[in-house]
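Take a look at the structure set out below.
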Amino acid sequence: MTHGAGADYTLSGGAPACAERQIDMTLWTGELNYVAVVVAALIPMALGMWWYAPKFGLGDIWLGLVGMTQEEIQESGGSGPAMGLTLIGAFVQSYVLALLVKMTGAAGFGEGVVLGIWLLVGIVATTSLGVYVFAGRGLRLWAFNNAYHLVGVVLMTGLLAAWS
């Protein structure tokens, strides 16, 4: 960056600063591997089917942490509507993660994993902590759910970075 009369104010790497900076809209709309986005969206769905499943997954642990039984979940309408909303959320999450992979230039599975860890630790875990604490849900449930998100986001960003 140079200073003085008639100075050329640019960011490191030559990107124009402030008003002169052009936004490349393909960052938001194009040049993504949409097959990878769809496959990555299926990761939290498949993981969640095991993570939260009683008997053969970790579901019994989760039921104990939320203080419910399988019967109570069935009586509350089951998991159908929740699965539908979760699927929609997974597609949105996958698309946004693909954009972030592209914007950060993460290339390869390892760089995607690092990006996923930073996103989980810096955004998801920190913002959800207050919600769990103030709702009286407990740190064990917070840790259990965030461990699921960590595995899911890490696998998603790893796949998206490797397949971009």
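Worth a mention:
- The listed residues are Leu87, Leu120, and the only one of them that is within 11 Å of the chain's Cα centre (by Cα) and either closer than 24 Å to Tyr34 by Cβ or among the polar types (S, T, N, Q) (or both) turns out to be Leu120.
- Candidates are the residues of region 125-139 that are among the aliphatic types (A, V, I, L, M) and either within 21 Å of Gly59 (Cβ to Cβ) or surrounded by fewer than 17 Cβ atoms within 10 Å (Cβ to Cβ) (or both); the one that is nearest to the chain's Cα centre (by Cα) is Leu129.
- With a requirement of 2 or more residues that are in contact (Cβ under 8 Å) with a residue 40 or more places away in the chain and of a type outside the set (Gly, Ala, Ser), the helices (runs of 4 or more DSSP H) lying completely within region 40-150 that satisfy it span 59-66, 80-104, 109-119.
- Extreme residue, modelled with the highest pLDDT, among residues of region 31-64 that are more than 18 Å from Met83 (Cβ to Cβ) and of a type in the set (Gly, Ala, Ser): Ala36
- Filter pass, Gly105 being surrounded by fewer than 18 Cβ atoms within 10 Å (Cβ to Cβ) and farther than 22 Å from Tyr52 by Cβ: yes
- Taking the numbered list (1) surrounded by fewer than 16 Cβ atoms within 10 Å (Cβ to Cβ); (2) out of contact with any Gly (no Cβ under 9 Å at 6 or more places or on another chain) in turn, Trp142 passes all entries but (1).
- Taken across region 62-82, residues that are loosely packed, with under 15 Cβ neighbours inside 10 Å, among the hydrophobic types (A, V, I, L, M, F, W, C) and under 21 Å from the mean Cα position of the chain (by Cα) do occur, with at least one present.
The values are calculated or read from the model by the stated rules, or taken from the named source; none is laboratory data. This one's a predicted model, so the numbers in the text were calculated from it and none came from an experiment. For neighbour counting, all protein chains shown are included, and Cβ atoms are generated from backbone atoms with ideal geometry for every residue, glycine included.
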